[in-house]
Structure formats: structure tokens, C-alpha cells
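Contents: one structure, followed by commentary.
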Amino acid sequence: QVQLVESGGGLVQAGGSLRLSCAASGRTFSDYAMGWFRQGSGKEREFVAGVSWSGSSTDYADSVKGRFTISRDNAKNTVYLQMNSLKPEDTAVYYCAASHRPRSMWYPEYDYWGQGTQVTVSS
């Protein structure tokens, strides 16, 4: 089992920045690809960003490319999502997830999920 706890969400004005963190415990953190997903009100959960086991490969949804950066620190068992130039449409609950796959952008391939953290961007 892997336990994931997100933090760093909050209310920010459009154009602002937030940094989300996800602390992992349980199994060996570096055995898992990590991802961030989000779910807005009345919307389906969508992929935001992913990072491979080693951190050498990253993937981003087109909607966040150039604004968001995913990174991981395997020594601290933590994955981060730096979000810049935030827009009202980024408002959602953001979830951290872990996958046994070396790299994935696909929701069903993620095995463990955090409880989510709310991000609200005001216009």
C-alpha cells in the first residue's frame, strides 16, 4: 500500500501561483510513477501532469503546458506541482496518484490516490 497526502491548495487570484505537494509513505516511492489529476465541479477527472520513476521524464496536459511543472524528490518521498499563471478554469480538486507503470497519463493505470486538495482561482 502507498498512502498519499496532498497539501498546498488554496484560493489565489488569476495570474498567481501555488505549489502543491504530495507526501508518500508505505512502499518504496521510487518504484512508482507519480501523477497529478484534477476534477472540477461537474466535470470528469482529468490528467494534469506526470513524472516517471526517476524523474527524468514528464508529461503535461496541453491546457497546462508552459504554466505547470511537476517534479519529485525521491529522498523526501514527495512530488510537487508548481502552478504559475493560474486561470479560473484551473479551479478544481487536485489529486496526487501513484502508478506501478514507469510512466502514465492514463487514469486507470494509477493504483493509489490521495484525498485531494482544493485549488480555487478567482478572476
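The values are calculated or read from the model by the stated rules, or taken from the named source; none is laboratory data. Every value quoted in this text rests on a predicted model; they were computed, and no experiment measured them. Methodologically, a virtual Cβ is constructed for each residue, glycine included, from the backbone with ideal geometry; neighbour enumeration extends over all protein chains shown. Heavy atoms of the whole protein, side chains included, go into the accessibility calculation; ligands, DNA and RNA do not. Shrake-Rupley method; radii C 1.70, N 1.55, O 1.52, S 1.80 Å.
Numerical summary
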| item | result |
| --- | --- |
| Strands (runs of 3 or more DSSP E) within segment 2-49 that include 3 or more residues in contact with a strand residue (DSSP E or B) (Cβ under 6 Å, 6 or more places away or on another chain) and farther than 18 Å from TYR107 by Cα | 10-13, 18-26 |
| In segment 19-44, the residues that are within 12 Å of the chain's Cα centre (by Cα), open to solvent by 10 Å² or more (accessible area, probe 1.4 Å) and closer than 20 Å to GLU89 by Cα | ARG19, ARG38, GLN39 |
| Test: residue in segment 51-62 that is of a type in the set (Gly, Ala, Ser) and under 19 Å from TRP113 (Cβ atoms) | yes |
| Residue selected from segment 54-63 under the condition outside any strand (DSSP E or B) and out of contact with any Lys or Arg (no Cβ under 8 Å at 6 or more places or on another chain), by the criterion surrounded by the most Cβ atoms within 10 Å (Cβ to Cβ) | ALA61 |
| Residue tally, condition buried (at least 16 other Cβ atoms within 10 Å of the Cβ), farther than 17 Å from VAL64 by Cβ and at pLDDT 95 or above, over segment 1-18 | 1 |
| Any hit, segment 66-85, residues being of a type in the set (Asp, Glu) and touching a Ser or Thr at 6+ places or on another chain (Cβ under 9 Å) | no |
| Count - residues of segment 64-123 that are open to solvent by less than 40 Å² (accessible area, probe 1.4 Å), in a loop (DSSP other than H, G, I, E, B) and farther than 16 Å from GLY10 by Cα | 5 |
